[in-house]
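Asks: Could you have a look at this structure, given as structure tokens, before my questions?
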Amino acid sequence: MKEIISKFISEVSSKNQNEPEFMQAVTEVAETVIPYIVKHDIYYGQNILLRMAEPERVLSFRVAWIDDKEEIQVNRGYRVQMNSAIGPYKGGLRFHPSVNLSVLKFLAFEQTFKNSLTTLPMGGGKGGSDFNPKGRSDTEVMRFCQSFMTELYSHIGPNRDVPAGDIGVGSREIGYLFGQYKRLKNEFTGVLTGKGASFGGSLIRPEATGYGVVYFTEQMLKFRDNSLKGKKIIISGSGNVAQYAAEKCIQLGAKVLTLSDSSGYIMDPDGIDEEKLAFVMKLKNLQRGRIGSYIEKYPKASFRSGEKPWKITCEIAIPCATQNELNGKDADILLKNGCICIGEGANMPCTPEAIQLFKKNKILFAPGKASNAGGVAVSGLEMAQNSLRYSWTREEVNEKLKAIMIDIHKSCLDYGKTESGYVDYVKGANIAGFVKVADAMLAQGVV
Ligand code: NDP
Ligand code: 2IT
């Protein structure tokens, strides 16, 4: 088995040199899915995983725009259309200086499995740009978004490819991108998700990823006759996912101790309550400030510049910032401090070494493609509402989101429960996500 896996990995690796994040994501899937393929004749010998590791299409384009000083800026835009076997390409756009093809291919690959897990008809895609929105005025962001969409618009559409937000792309950017698409096509369609509620956005979409991670974490704990009530939680990030993960943890009676951004983390020994979280939301979403300002308002809290929160004692950690933000050393400290559960809010925030340690110690570990699928699931519900020209209430969407997260947890058990009773959620999510896409690809022939 080891030989088959390493042959596969070296074949994919030879075609994707200098793409470490993409190879990290592919390797994890290969290690868990190839043993399953080998045991199932319908998949064996079909090169299905090799086909899934090759994007159907990759677009790269120039995004030229003029800044407030009237200087010409040039960024690179991308869209990776990974897999459309079960539905139109679907996945977010990331605007961050670290964006490159390796990062977007890893995200698009993960997205294909994640979208399959939601049970909704969505293929996998991801895009974005190395544009850095930090410090840019609203009009600069608008001009950038308009130039980006002018290149992208002919490649997307409500039945072809439906982008959404990710790091650096929130409701402001989605609004500008939607406005430009509508203007260029002269059509009002559900071509993007995460839209404002006044122009076709779904209620609960802003909350969905963060709430979903906590619903999934709740399911893992429940399976072990445990709950979130009274638990000490550390969260990284302070953006969209972190904010709503914190909100749901607080609502369910847990104590949230930390939040962070790329400049460092804050620790509040009394816990971040709803009022303090409202301060953070205003600081990050409206003032576009730094998390360090929290201690000016709440002096009992502390700020550690340039550090990550993993050394704070907790029962549950929810990493919600970015890929590879929690490594083997961090995992070791978390375990020594008595952490029993990790729910990934970000995509691939834990390194392979960290995951290995969590598995070895048999603590609860939820991989992002299962636990953060609530965001894209509600995006799928937004697409459905747009097609119906109708909108569901907050309660209706929240109930559907909860049901989807419970269902994903069940799929992970179906494929990930071992004889000892331990649940390997990584294996479970990868195989469950694979099966639906693979069946659709087999039925559609070699395309
Ligand atoms: P936001 O842009 O709203 O927030 C990102 C947060 O992470 C910020 O606090 C940011 O700090 C921090 N961060 C980003 N990059 C880095 C970095 N390189 N080093 C340290 N900190 C960093 O993004 P989201 O909350 O939407 O996304 C967070 C994660 O969740 C990502 O991995 C994303 O792919 C994933 N995700 C998002 C979904 C969604 O619906 N939005 C759905 C599923 C997954 P700073 O402000 O200093 O940059
Ligand atoms: O990583 C993700 O799942 C997202 N950024 C959300 C994608 C979407 O289409 O809502």
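The values are calculated or read from the model by the stated rules, or taken from the named source; none is laboratory data. Because the structure is a prediction, the values reported are computed rather than measured. Positions of Cβ are generated from backbone atoms using ideal geometry, with glycine treated the same way; all protein chains shown enter the neighbour counts.
Asks: Could you tell me whether GLY135 is surrounded by fewer than 24 Cβ atoms within 10 Å (Cβ to Cβ) and within 16 Å of ligand 1 (Cβ to nearest atom)?
Replies: Numbers: surrounded by fewer than 24 Cβ atoms within 10 Å (Cβ to Cβ): yes; within 16 Å of ligand 1 (Cβ to nearest atom): yes.
So GLY135 fits the description; yes.
Asks: What are the pairs with Cβ atoms under 9 angstrom where one residue, in segment 79-104, is among the aromatic types (Phe, Trp, Tyr) and the other, located anywhere, is within 10 Å of ligand 1 (Cβ to nearest atom) and part of a loop (DSSP other than H, G, I, E, B)? Sequence gap at least six, or different chains.
Replies: Matching pairs, first to second residue: PHE95/ASN132; PHE95/PRO133; PHE95/ILE167; PHE95/GLY168.
Asks: Could we say that THR193 is touching a strand residue (DSSP E or B) at 6+ places or on another chain (Cβ under 7 Å), of a type in the set (S, T, N, Q) and part of a loop (DSSP other than H, G, I, E, B) here?
Replies: yes
Asks: Of the residues in segment 237-259, how many are surrounded by 24 or more Cβ atoms within 10 Å (Cβ to Cβ) and either in a strand (DSSP E or B) or among the charged types (D, E, K, R) (or both)?
Replies: Number satisfying all stated conditions: 3.
Asks: For the structure I just gave you, tell me whether VAL397 is out of contact with any Cys (no Cβ under 8 Å at 6 or more places or on another chain), at pLDDT 95 or above and within 16 Å of ligand 2 (Cβ to nearest atom).
Replies: Details: out of contact with any Cys (no Cβ under 8 Å at 6 or more places or on another chain): yes; at pLDDT 95 or above: yes; within 16 Å of ligand 2 (Cβ to nearest atom): yes.
Yes.
Asks: Looking at segment 158-181, which of its residues are touching a residue at least 40 places away in the same chain (Cβ under 8 Å) and out of contact with any Ser or Thr (no Cβ under 7 Å at 6 or more places or on another chain)? Spell out the reasoning first.
Replies: Start the filter on segment 158-181 by keeping residues that are touching a residue at least 40 places away in the same chain (Cβ under 8 Å), which leaves 158-170, 173, 177.
Within segment 158-181, ASN159, ARG160, ASP161, PRO163, GLY165, ASP166, GLY168, VAL169, GLY170, GLU173, LEU177 qualify.
Asks: CYS350 versus (1) within 30 Å of ASN430 (Cβ to Cβ); (2) in contact with a Phe, Trp or Tyr (Cβ under 8 Å, 6 or more places away or on another chain); (3) touching a residue at least 40 places away in the same chain (Cβ under 8 Å): which is the lone unmet condition?
Replies: Only one criterion is unmet by CYS350, namely (3).
One line per residue, one yes/no per condition, for (1) under 23 Å from the mean Cα position of the chain (by Cα); (2) surrounded by fewer than 21 Cβ atoms within 10 Å (Cβ to Cβ); (3) within 30 Å of VAL38 (Cα to Cα):
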| residue | (1), (2), (3) |
| --- | --- |
| MET52 | yes, no, yes |
| LEU59 | yes, yes, no |
| GLU70 | no, yes, no |
| ASN83 | yes, no, yes |
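Asks: Tally time: how many residues in segment 334-352 are away from ligand 2 (no atom under 15 Å from the Cβ) and either surrounded by 15 or more Cβ atoms within 10 Å (Cβ to Cβ) or under 19 Å from PHE106 (Cβ atoms) (or both)?
Replies: Qualifying residue count, segment 334-352: 10.
Asks: Could I ask something else about it? If you take the residues in segment 320-333 that are farther than 17 Å from PRO20 by Cα and within 16 Å of ligand 1 (Cβ to nearest atom), which one is surrounded by the fewest Cβ atoms within 10 Å (Cβ to Cβ)?
Replies: ASP330
Asks: Here's another thing I want to ask about it. List pairs: first in segment 360-383 and within 12 Å of VAL241 (Cβ to Cβ) and part of a helix (DSSP H, G or I), second modelled with pLDDT of 95 or more and acidic (Asp, Glu), Cβ under 8 Å, 6+ apart or cross-chain?
Replies: Filtered contacts from segment 360-383: GLY368/GLU110; GLY368/GLU344; SER371/GLU344.
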